[in-house]
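Below: the structure, in structure tokens.
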Amino acid sequence: MTSTSQTPSSFGEHTQMSSLPMGALVNLPFELILVRRGVLDPEKLAQAEALVLERGEPLEDILISLKAVSEEELLIARSEQLDIPYATHIDPRQIDVSLLERISIAFAKQACVLPLSLEDGCITLACADPYDLETFDQIQLLFHAEPIPLLYPKQKLLNVINQAYDIARGNFGLDGAQEELEDVGKQKDELDDLDEAMDLLDASDDEAPVIRLVNTLIYRAIKEKASDIHIEPFEKEVKVRFRIDGVLQEVASVPKRAQAHIAARIKIMAKLDIAEKRLPQDGRIRLKSAGKDIDLRVSTIPTGHGERAVLRLLDKSNVLLDLDQIGFSEDMREGFERLLYRSHGIILVTGPTGSGKTTTLYSALSKINSPDKNILTVEDPVEYQLQGIGQMQVSSKIGLTFATGLRAFLRQDPDVILIGETRDRETAEIAIQASLTGHLVFTTLHTNDAATAFTRLIDMQIEPFLVSSAVIGVLAQRLVRRLCKHCRQPYTPTPSELAQIGIRPQDLAHHTVYQPKENGCSECNHKGYRGRSGIYELLLMDDDIRSLVMRSEPSGRIKQVAVQKGMLTLRDDGARKVLQGITSIEEISRVTSEDRD
């Protein structure tokens, strides 16, 4: 196939072509183009080239794994090198649906190629691999047209493929599935019988209404980056809510007559007992979406109006395992990293459920993970697999608790131990003994701030002198929603709003405070916020704090001394993020209401 710089037909009003200086640089190696553009550091390039010889992997894969360049930056360089256009955005709603009917979604996703338009004997197609000549030849034979490739990042392209085929099937959103479900319910009110419901649910046709509804709910939750799906039965309807960026939002109302069938479908997917409706059950669903591995942890409980189900989504490809990306300010990150390289002691991470403690701990382990360290974890459950780290999941059914797992670990010659949660005195005692005998121990506690962690351990009947000797630092954290960068709006807060989070009016002289735009924009699903960031409070143990803990002083006194010695509270760190334009005053007030003076 001959390369061409022909501009493809219009397939979306938002599609843009990068302006590329063609000619002299065509066929120049892509890595030199990246260096010339200032995107790639020559030292990183040299490091990557050395790893190519060592590992035998392609240079571009190693550059991405080293985070030396992004996939987008690499593709832009490829487009310049090969004289192939690069698109910054593809709108799936503008794609010619008739083209999608001629190739299957399985082929499109496997080959990572999507036909966009057909004009004048040329078929414009988005692709992630400009060297996949075999696929281009197949497209040419299928459409009897000359392929015109358009480069687009692989993950984004897979998402567009899913959306485009959903539109082609009329399955974009929940409306179609809900309407179909209504019709089935009206025609078959007798479908409450379990055996008949099973016939519907097990139908080989993937478009069965209940199957379509559940699949669409899961797909939409993944697309909107929800962390949980709540399916809640009430007297006359079943409500569906997503937790997005920590906040529950209602997304659908399903007919009451479909309640039992939806619960049965979810149980089948999670391999639970569909006949047992009186007891809580827990299960797991594994699936792939756009090439990503998704785990769903399923929990069902009986309620007065029927079984309620919550599905927690764990996107393995989306977890951040880099301390630089989860919201640490530079000074706090440096202080926390110093703790990570201590030879022994306990590092506590505190905060309520859903505050990101597991992500912080995984990021910490990834930072210090190396072949010369034996790192073991005991968790409930193991949420993400970490390469090179031994992970054990507790199981109360067989007597494998945090305490028994921790005892076994001490016979495995560990350097670093992670305990998913310290819930009782026995676990706390073993953790402290492990830290005092030369192990670095990470664990979590449910406390509102850093200073309260000491009193919580003492309340577990751990001797104060052991607590003061073992604990080397406590990190408290919360998650706040990030303002959407595309639609956030500057505004001037009132003095009372500033006082809520401890910002002085003179602090605004060199900073701009933002608030979310009402109804947001398309980039943030009209919410005004997109993504989350951590806010932190790091308390480092020193002689003064150790003396207070030894005397079992109240947590308020410990916090007061720590602040005097320079510790930033959760509210202080939140205020800094407001001044940086990352989040809003309203959001900091919401998550640090207990942190008022």
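Computed values, structure above
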item	result
The range 490-544: number of residues that are open to solvent by less than 80 Å² (accessible area, probe 1.4 Å) and assigned to a strand (DSSP E or B)	12
Long-range neighbours under 9 Å by Cβ, at least six apart or interchain, first residue part of a loop (DSSP other than H, G, I, E, B) within the range 94-108, second among the β-branched types (Val, Ile, Thr)	Ile95/Val160; Ile95/Ile167; Ile103/Val113; Ile103/Ile139
Residues of the range 545-560 classified as open to solvent by 40 Å² or more (accessible area, probe 1.4 Å) and either of a type in the set (A, V, I, L, M) or touching a helix residue (DSSP H, G or I) at 6+ places or on another chain (Cβ under 6 Å) (or both), total	3
Selected residue (criterion: most open to solvent (accessible area, probe 1.4 Å)) from residues of the range 561-576 that are out of contact with any helix residue (DSSP H, G or I) (no Cβ under 8 Å at 6 or more places or on another chain) and of a type outside the set (A, V, I, L, M)	Gln564
Pair list, Cβ under 9 Å, 6 or more apart: the range 520-532 residue free of Cβ contacts under 8 Å to residues at least 40 places away in the same chain, other residue of a type in the set (S, T, N, Q) and surrounded by fewer than 15 Cβ atoms within 10 Å (Cβ to Cβ)	His526/Asn519
Those residues of the range 275-310 which are open to solvent by 40 Å² or more (accessible area, probe 1.4 Å) and assigned to a loop (DSSP other than H, G, I, E, B), in sequence order	Ala275, Lys277, Arg278, Leu279, Pro280, Gly291, Gly304, His305
Residue match in the range 292-313 (condition: touching a strand residue (DSSP E or B) at 6+ places or on another chain (Cβ under 7 Å), free of Cβ contacts under 8 Å to residues at least 60 places away in the same chain, charged (D, E, K, R) and more than 30 Å from Val113 (Cα to Cα))	no
Single match in Leu475, Leu440, Leu445, Leu400 (criterion: without any contact (Cβ under 8 Å) to a residue 40 or more places away in the chain and surrounded by 16 or more Cβ atoms within 10 Å (Cβ to Cβ))	Leu400
Residue match in the range 362-384 (condition: among the β-branched types (Val, Ile, Thr), free of Cβ contacts under 8 Å to residues at least 40 places away in the same chain and surrounded by fewer than 20 Cβ atoms within 10 Å (Cβ to Cβ))	yes
In the range 140-160, the residues that are over 35 Å from the mean Cα position of the chain (by Cα) and assigned to a helix (DSSP H, G or I)	Gln140, Leu141, Leu142, Phe143
Scan of the range 397-428 for residues that are among the acidic types (Asp, Glu) and either touching a helix residue (DSSP H, G or I) at 6+ places or on another chain (Cβ under 6 Å) or under 21 Å from Ser343 (Cβ atoms) (or both), ordered by number	Asp413, Asp415, Glu426
Filtered residues of the range 109-138 (kept if in contact with an Asp or Glu (Cβ under 9 Å, 6 or more places away or on another chain) and either assigned to a loop (DSSP other than H, G, I, E, B) or open to solvent by 50 Å² or more (accessible area, probe 1.4 Å) (or both))	Cys112, Leu118, Gly121, Ala128
Criterion (among the basic types (Lys, Arg) and either open to solvent by less than 70 Å² (accessible area, probe 1.4 Å) or in a strand (DSSP E or B) (or both)) met by exactly one of Arg257, Arg333, Arg338	Arg333
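The values are calculated or read from the model by the stated rules, or taken from the named source; none is laboratory data. Because the structure is predicted, anything quoted here is derived from the model rather than measured. Here Cβ is always computed from backbone atoms with ideal geometry, including for glycine, and neighbour counts include all displayed protein chains. Note: accessible area is taken over every heavy atom of the protein model, side chains too, but ligands, DNA and RNA are not part of it. Shrake-Rupley method; radii C 1.70, N 1.55, O 1.52, S 1.80 Å.
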